[in-house]
Amino acid sequence: MKATISKESITKALSLTGGIVEKKQTLPILSNILIEFKDNSFKLVATDLESELTIIGETDSCETEGTTTASAKKLNDLCRLIPDKSNIELNLSGDKLNISTKNGKYSLATLPSNEFPIFESGDNLNNITLKSQDLKTLINSTSFAMGNQDWRHYLNGLFLKLEEGVLTAVATDAHRLALNCLASVSDINFSGIIPRKSVNEINRFIGENNSELSLAINDTSLVLNNDNLTFKSKLIDGAFPDYNQVIPTGDSSLLDVNVKEFVSSLGRVSILSNDKNKGVKIHLVDNNMFIRSHNADNEVAEETVQSKYTGEEIEIAFNVNYIQEILNNQTNETCNVLFFGSDKSCLILPPGAEFPKYVVMPLLL
């Protein structure tokens, strides 16, 4: 195996595949990346057994085809520090991958490519095509509400469902819920829970250009194709909770507030909140919103935020981090907050729209 490739091509590919490789691996081969040169192109593959990322690109030249594996971290660190616009020659000699540049020579240990695990995605994949930015919007507007190492493993991911031509993304950690929808031209149905790590990786490698990508899901796996990249992931085995049951309905009071002013006020008041629950209390009366916090040292903060409020006087407390994350994902100047009682969850929506919608449970302070 002997080929020459530009620094820019290989470092871009290595930076993407490096996110898949776990830092602490029980199997040495999983710390490596699969490298293949064939027909003046290169292929890099990384896996952690739960997901796999493949990237294909062009070489400057390919003298001899071949395949091997080498340390993903060492190869990435080395190529990244090579001067820009350099040509890098990779030559497999025995069990060593020799790397040559204009001013340097390096030798990395390898492991046989036949030991590299093959990711099985299964059959009967239901495939749809959508714009990359539409998928990125779905992920950005919901994924922050995913559980993190929750014992209820089905909460540690993003639920994706395609039904009746609507692609729905839902995430919840049982304290807040985020939901967004996207109209789809497909008439097929599928659903699955994408693991947290896979969701973050997908969001990382979807480019800023609004290219078309292919998304396929079956009962156990997800396969995503975007330009020269293929990502595969196992799905979380479990039933996602019925999220419609936690979305509050019925008579409500409506708060219409400026998002930027609300976020700024919450940020200042939360400085003196209790470190344990980060609770802030919101008191709504007439067109005034009072935000208060206190802590174990008897320190107190209070601010008044001008707003439009229709409904009965209410006092309710929330974890400030949950409210702030939702507000930071608002794209309008104002947002609507619907209150259903001081002991019930609130619903946050864009003005005059149904999605994205957010549910936050109250705190007892």
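Would you tally the residues in region 161-198 being at pLDDT 95 or above and either assigned by TED's automatic domain parsing to the domain that holds residue 327 or closer than 12 Å to residue 135 by Cβ (or both)?
Residues flagged as at pLDDT 95 or above and either assigned by TED's automatic domain parsing to the domain that holds residue 327 or closer than 12 Å to residue 135 by Cβ (or both) within region 161-198 amount to 3.
If I ask for residues that are under 16 Å from residue 265 (Cβ atoms) and of a type in the set (D, E, K, R), which ones from region 308-323 would you list?
If the condition is that a residue be under 16 Å from residue 265 (Cβ atoms) and of a type in the set (D, E, K, R), then 308 is the only one that fits.
Does residue 132 fit the bill of being buried (at least 18 other Cβ atoms within 10 Å of the Cβ), in the same structural domain as residue 224 (by TED's automatic domain parsing), under 20 Å from residue 216 (Cβ atoms) and not aliphatic (A, V, I, L, M)?
On the way: buried (at least 18 other Cβ atoms within 10 Å of the Cβ): yes; in the same structural domain as residue 224 (by TED's automatic domain parsing): yes; under 20 Å from residue 216 (Cβ atoms): yes; not aliphatic (A, V, I, L, M): yes.
Against the criterion (buried (at least 18 other Cβ atoms within 10 Å of the Cβ), in the same structural domain as residue 224 (by TED's automatic domain parsing), under 20 Å from residue 216 (Cβ atoms) and not aliphatic (A, V, I, L, M)), residue 132 qualifies.
I'd like the full set of residues that are outside any helix (DSSP H, G or I), surrounded by fewer than 16 Cβ atoms within 10 Å (Cβ to Cβ) and modelled with pLDDT of 90 or more, limited to region 107-127.
Listed by number, the residues that qualify are 107, 109, 112, 117.
Among the residues of region 95-119, write down those that are in contact (Cβ under 8 Å) with a residue 24 or more places away in the chain and among the acidic types (Asp, Glu).
Residue satisfying the conditions is 115 alone.
Taking the conditions exactly as written (more than 13 Å from the chain's Cα centre (by Cα), more than 17 Å from residue 126 (Cα to Cα) and surrounded by fewer than 17 Cβ atoms within 10 Å (Cβ to Cβ)), does residue 209 satisfy them or not? Even if it seems obvious, please write down each step before you answer.
Numbers: more than 13 Å from the chain's Cα centre (by Cα): yes; more than 17 Å from residue 126 (Cα to Cα): yes; surrounded by fewer than 17 Cβ atoms within 10 Å (Cβ to Cβ): yes.
Yes; evaluated as a whole, the condition is true for this residue.
Mind listing whichever residues of region 3-31 are part of a helix (DSSP H, G or I) and of a type in the set (Asp, Glu)? I'd like the intermediate steps shown before the answer.
Initial filter on region 3-31 (part of a helix (DSSP H, G or I)): 7-17, 28-31.
Passing the criteria: only 8.
Take residue 130 and tell me if it is out of contact with any Cys (no Cβ under 6 Å at 6 or more places or on another chain), under 26 Å from residue 212 (Cα atoms), modelled with pLDDT of 95 or more and outside any loop (DSSP other than H, G, I, E, B). Outline the logic, then answer.
On the way: out of contact with any Cys (no Cβ under 6 Å at 6 or more places or on another chain): yes; under 26 Å from residue 212 (Cα atoms): yes; modelled with pLDDT of 95 or more: no; outside any loop (DSSP other than H, G, I, E, B): yes.
So residue 130 does not fit the description; no.
Looking at (1) in contact with a Leu (Cβ under 8 Å, 6 or more places away or on another chain); (2) in the same structural domain as residue 345 (by TED's automatic domain parsing), can you tell me which one residue 231 breaks?
Answer for residue 231: the failing condition is (2).
Might you let me know whether region 81-98 holds any residue that is within 22 Å of residue 232 (Cβ to Cβ) and not hydrophobic (A, V, I, L, M, F, W, C)? First the steps, then the outcome.
To start, the set of residues in region 81-98 that are within 22 Å of residue 232 (Cβ to Cβ) comprises none.
No, region 81-98 has no match at all.
Has region 333-347 got any residue that is free of Cβ contacts under 8 Å to residues at least 24 places away in the same chain and either crowded, with 16+ Cβ neighbours inside 10 Å or within 26 Å of the chain's Cα centre (by Cα) (or both)?
no
Quick check on this structure: which one of 307, 265, 293, 270 is under 18 Å from residue 253 (Cβ atoms) and among the polar types (S, T, N, Q)? Give the steps one after another, and end with the answer.
On the way: 265 fails: under 18 Å from residue 253 (Cβ atoms); 293 fails: under 18 Å from residue 253 (Cβ atoms); 270 fails: under 18 Å from residue 253 (Cβ atoms).
When all the criteria are applied, what remains is 307.
Which of the residues that make up region 218-236 are of a type outside the set (Gly, Ala, Ser), modelled with pLDDT of 90 or more and under 21 Å from residue 156 (Cβ atoms)?
Of the residues in region 218-236, the ones of a type outside the set (Gly, Ala, Ser) are 218-220, 222-232, 234-236.
Okay, now just the ones that are also modelled with pLDDT of 90 or more, so 220, 222-225, 229-232, 234-236.
220, 222, 223, 224, 231, 232, 234, 235, 236, listed by residue number.
State the number of residues belonging to region 300-332 that are within 21 Å of residue 285 (Cα to Cα), surrounded by fewer than 17 Cβ atoms within 10 Å (Cβ to Cβ) and in contact (Cβ under 8 Å) with a residue 40 or more places away in the chain. Quick ask: steps written out before the conclusion?
Taking region 300-332 and keeping what is within 21 Å of residue 285 (Cα to Cα), we get 300-320, 323.
Imposing the further condition that a residue be surrounded by fewer than 17 Cβ atoms within 10 Å (Cβ to Cβ) reduces the set to 300, 302-304, 306, 308, 310-313, 315.
Keeping just the survivors that are in contact (Cβ under 8 Å) with a residue 40 or more places away in the chain gives 306, 308, 310-312.
Of the residues in region 300-332, 5 are within 21 Å of residue 285 (Cα to Cα), surrounded by fewer than 17 Cβ atoms within 10 Å (Cβ to Cβ) and in contact (Cβ under 8 Å) with a residue 40 or more places away in the chain.
The values are calculated or read from the model by the stated rules, or taken from the named source; none is laboratory data. Please read all numbers here as calculations on a predicted model, not as lab measurements. Neighbour counts are summed over all protein chains in view; Cβ atoms, including those assigned to glycine, are modelled from backbone coordinates with ideal geometry.
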